[in-house]
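Structure first, commentary second.
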Amino acid sequence: MDYFYIGIDDTDSPEGMCTTFLASTILNKFQENNIEIMDFPRLIRLNPFARFKTRGNGGVSFKLDLNQNIDLAKEIVLKNVSELSMFDCDNTNPGVVFYQGEITEEMINYAFRAIYSIITIEEAEEFASHIGAEIHKFKKGRGIIGSIAAISCPLEDYTYELLAYRHPSRYGTVREIDYDSVVKMDRKTTPETFENIDGKYLAIEPKTPCPVLYGIRSNSPEVLIAKDIVIPNEEIVDSCIFKTNQHTDMHIQDANNISELKQYSCYKIKGLVKDNPHIIEGGHMFFTLYDETGEIEAAAYEPTKNFRSTVEKLRAGDEIELYGGIGEQNTFNIEKFQVLKLNEFVYNNPICGCGKRMTSAGKGKGFKCKSCGKRIESDEKIAEKVERSLINGKFYETPVSARRHLAKPLIRMNL
Ligand code: ATP
């Protein structure tokens, strides 16, 4: 069936604005003009490694039935994008896309490409013309890349996010949210809401000067009355619930082997730990993962905090499956991992009958005991079981404070 779709992206900058706030402002104007959208507005997260993203690489989209005043809807969107976008920032290049029709298979494929890989403005423009979409480029118009994807992205698994917006006079100041009320909300609504707090860290609160006071993430829109439990100590001027692909692992592709991994893409990949993890200056933890086709350096960076001490417990020979993506440094940034088979043995020189550990008597000459002089002809080391604190089959994930928008938390994985 044909509908009218609107996609908006790339309106904000690190200094301010947020495409969701612009979307919410547009929806208020729609309401004043009796224009209704179908379902919830959508917030679609795209490739986390896209070069020009401001923060979480998200685009928004709306769906309208054809009985709505489409011309007025277009006028409202274009007016608000041209008035409210952060045009002063070099990297803010808004793009608006209008599309009337059905979401086709090739549009769905485009959306996956925008999540899995990198698309150029030219490619997006060509694709828009191919599907008969109307594009509006502001400055370089890079936002059309994400706008087409936000319209086209299928949502089989999805979550919701309620975003509450601050009074403009408060932008850039410390957010005033009552911590205990967030703890209370979390206790009452978890696991239907998630990623609210992480110890003392208020995860609902962004750390940038954007208009968002907080965002509560959930499996259903109903539970978002959780907002009534949170006590803001500053004014909330507006709020809006988005349907989103956040926390669905939609960015994760199944990789068959290490040699097929590409930079700027995200995967789950099985392999063996080659060396015991080691930490480098700056507090970043690394180890090498390998299989019969190649190897890759895997990293738990400093911001992943305690997760690094979990990664540190891996040992050479452990079989694991990593989830994450390959970024700027060509290392695999781990989002979570599953232990498939722990290497529970170390191979040591034999213990002599006298109780002492024997030493090698030279290559091919077996072992000798320095204490009592006994000799063994065989070179074979003895397998000894080691205690492991990781558990076979178990998943381990980065803390909430270091988690990507798209990463599916274990709490959503029905484990
Ligand atoms: P916020 O999440 O705070 O709204 P953002 O992180 O989404 O901001 P944007 O300002 O939207 O950042 O910029 C992201 C830019 O990257 C947009 O122009 C978008 O069209 C583009 N983009 C999205 N996906 C891809 C991709 N796969 N390849 C290339 N460019 C992309």
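Here are some notes:
- Computed from phi, the 3J(HN,Hα) profile of region 209-225 under the Karplus parametrisation 6.51, -1.76, 1.60 (θ = phi - 60°) reads x, 6, x, 6, 7, 7, x, 10, 9, 8, 7, 9, x, 4, 5, 6, 5 Hz, with x in place of Gly and Pro.
- Amide H contacts under 5 Å for residue 213: 164, 165, 166, restricted to partners 5 or more places along the chain or on a different chain, H placed in the peptide plane at 1.01 Å from N.
- Between region 332-371 and region 372-415, the alpha-carbon centres lie 17 Å apart.
- Once Rg and the Kirkwood radius are both taken over the C-alpha atoms of region 266-395, their ratio Rg/Rh works out to 1.12.
- Three-way shape call for region 155-250 based on the alpha-carbon gyration tensor, with the a/c threshold at 1.5: prolate
- Convex hull volume per residue for region 65-187, taking Cα atoms only, in Å³: 189
- ³J(HN,Hα) computed for each position of region 297-310 - Karplus, 6.51 cos²θ - 1.76 cosθ + 1.60, integer Hz, glycine/proline x: 7, 10, 9, 10, 6, 3, x, 7, 6, 5, 4, 5, 6, 6
- Under 5 Å between amide hydrogens, built in the peptide plane, is the criterion, and for residue 318 it picks out 273, 343 among residues at least 5 positions away or on other chains.
- Per residue Cα convex hull volume in Å³ - calculated over region 1-91: 99
- Pairs of C-alpha atoms in the chain farther apart than 29 Å represent 53 percent of all such pairs.
- Backbone amide hydrogens, once placed in the peptide plane, bring residue 47 within less than 5 Å of 115, excluding anything fewer than 5 places away on its chain.
- Other residues lying with their Cβ under 10 Å from the Cβ of residue 207 contribute a combined charge of +1, Lys and Arg counting +1, Asp and Glu -1.
- Region 128-207-region 54-79 distance, computed between alpha-carbon centres (Å): 17
- Rounded to whole Hz, the Karplus (6.51, -1.76, 1.60) HN-Hα couplings of region 58-66, x for glycine and proline: x, x, 10, 8, 10, 10, 10, 7, 6
- Per-residue SASA remark: residue 53, around 80 Å² accessible (1.4 Å probe; ligands, DNA and RNA not included).
- Accessible area per residue for the chain is 47 Å², calculated with a 1.4 Å probe on protein heavy atoms, without ligands, DNA or RNA.
- Here region 345-387 was treated as a single set of alpha-carbon atoms; its pair distances binned every 10 Å from 0 give 33, 51, 15, 1 percent.
- Placing unit charges on the Cβ atoms only, positive for Lys and Arg and negative for Asp and Glu, gives region 142-236 a dipole magnitude near 320 debye about its Cα centre.
- Accessible surface of the chain [probe 1.4 Å, protein heavy atoms]: carbon and sulfur percent: 47
- Ranked from largest to smallest solvent-accessible area, with a 1.4 Å probe on the protein heavy atoms, 85, 259, 117 come out as 259, 117, 85.
- Put simply, region 28-68 fits an ellipsoid with semi-axes of 29, 11, 7 Å; these come from the alpha carbon gyration tensor as the roots of five times its eigenvalues, largest first.
- Alpha-carbon radius of gyration plus Dmax, which is the widest Cα pair, for region 284-346 in Å: 11.5, 36
- Theoretical ellipticity at 222 nm over the chain - DSSP helices of four or more residues, -39500 (n - 2.57) apiece, nearest 500: -5500 deg cm²/dmol
- Computed accessible area, residue 375, all protein chains, 1.4 angstrom probe, square angstrom: 150
The values are calculated or read from the model by the stated rules, or taken from the named source; none is laboratory data. These numbers were taken from a predicted model, which means no experiment stands behind them. Cβ coordinates were reconstructed from backbone atoms using ideal geometry, including for glycine residues, and neighbour counts include every protein chain displayed. Side chains included, ligands, DNA and RNA excluded: accessible areas come from the protein's heavy atoms. Shrake-Rupley method; radii C 1.70, N 1.55, O 1.52, S 1.80 Å.
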